[in-house]
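What follows is one structure encoded as structure tokens, with my remarks underneath.
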Amino acid sequence: MASTAGKPGVALLGVTHPHTSGRTRALMERSLPILGAWDDDPVIEPFAQKFEISIRPLEAILEDSNVKVVLIHSRSDSMVPLASAALRAGKAVLVEKPGGKSQEDLEALVHVVEETKGICQVGYCYRFSEAVRIADEVLELDILGRVLQVRVHGGCSLEEAATSHLNQPDDIGGAFFVIGCHLIDLLIHHLGMPISVNAKVPKFDGLFGPESREDAGVALFEYAKQIVSFDFSSWDPLPWVESWVLSFYGSEGVLHTRPLPATCELFLKEAKGRFNAGWTVWNETSFPVAWASDKTAYSPELAEIGNLNYFRREIESFLAAAVGAGPVEIPAAHASNVLKLIATCYASSAQGGKEVRLK
């Protein structure tokens, strides 16, 4: 067994999210000492037994000077209180997306980060797809010419839209919020915040029962130099997120990207940089293991994550930030903008799709 000497102690606050086990395994691969876990949900018992982690009181974890890093995988209404307590206790925090239950929640978290000058990263793990890295390169090199139109599509699969996880009573929304936020994260990462929003977020009869919220979402985002269309469905029949795509339409080329399995399709009128004229198609070959795995005693409603690639990259980035060796790649302020944009979509939909300008 590899030595844990000199490595930061880690603790887990909240374990109900299906991403918990994936990030825990990624931590264990690095031989990081996990010094305890806490949750007030009964799933803490089988989780702690499976991963051989001590169950400890919340206060004991926060007061433990050996705990330098905290991962938060609670329900969304507890994310900000737990993250705030950990930051004020001097811990570096990685909190599962969306980071809280509402825009106001994330604004409160931003204030705590500013107050403590602490490290807080929000767990938008799809940001660590190689497809995102390639899209960053293409857009930064400006090889598409004038990118005037962008299309974004995503969906929620495996009937997650009907689960309690995606329909928590204090959340601002359902599937469009909890899963759609991944795509909004990528959109803001690439283009920043829009000027205005028109959106409809409907509920359809006969698709899912009354326990679920919205079933779809369509939004038009206006930018100073682009127009963006975003559509989202809650009944995606594909088991991963193969249907997700971000497409950038420029005057000199087109780029289609998919975060998982990571795929890029680039067309250029003329060769530019390392990219040839015509079509360049790239697919990541490191996803022989499915993203979603199986339901377990500690993840009884949603399947735990079977493929650790994104979590490995994310943990590496976060730990570097925690020791001052790198930036916080997804700060609370960015996550606050994600929820602000989603909240604006709901506000527009409540007004029949009326344009709502962002301040």
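General observations
- Qualifying strands (runs of 3 or more DSSP E) (wholly inside the stretch 105-218; at least 1 residues being under 15 Å from Cys345 (Cα atoms), touching a residue at least 40 places away in the same chain (Cβ under 8 Å) and open to solvent by less than 30 Å² (accessible area, probe 1.4 Å)): 147-157, 196-200
- Whichever residue in the stretch 63-80 is part of a helix (DSSP H, G or I) and under 25 Å from the mean Cα position of the chain (by Cα) and, among such residues, is farthest from Thr296 (Cα to Cα): Val80
- Contacts under 8 angstrom Cβ, first residue in the stretch 42-55 being open to solvent by 70 Å² or more (accessible area, probe 1.4 Å), partner part of a loop (DSSP other than H, G, I, E, B), 6 or more apart: Lys50/Thr296; Lys50/Ala297; Lys50/Tyr298
- Looking at Gly99, Gly90, just one residue is part of a loop (DSSP other than H, G, I, E, B), at positive phi, open to solvent by less than 10 Å² (accessible area, probe 1.4 Å) and at pLDDT 95 or above, and that residue is Gly99.
- Yes/no for Leu27 being part of a strand (DSSP E or B), touching a residue at least 24 places away in the same chain (Cβ under 8 Å) and under 22 Å from the mean Cα position of the chain (by Cα): no
- Spans of strands (runs of 3 or more DSSP E) in the stretch 252-359 with at least 1 residues of a type in the set (A, V, I, L, M) and under 30 Å from Val197 (Cβ atoms): 253-259, 262-268
- Within the stretch 296-305, the only residue that satisfies the criterion of being over 18 Å from Val178 (Cβ atoms) and either crowded, with 19+ Cβ neighbours inside 10 Å or without any contact (Cβ under 8 Å) to a residue 40 or more places away in the chain (or both) is Tyr298.
The values are calculated or read from the model by the stated rules, or taken from the named source; none is laboratory data. If you're wondering where the values come from, they're calculated on a predicted model, not measured in any experiment. All Cβ positions, even for glycine, are placed from backbone atoms using ideal geometry, and neighbour counts span all protein chains on display. Ligands, DNA and RNA are stripped out before the accessible areas are found, and what is left, the full protein with its side chains, is counted by its heavy atoms. Shrake-Rupley method; radii C 1.70, N 1.55, O 1.52, S 1.80 Å.
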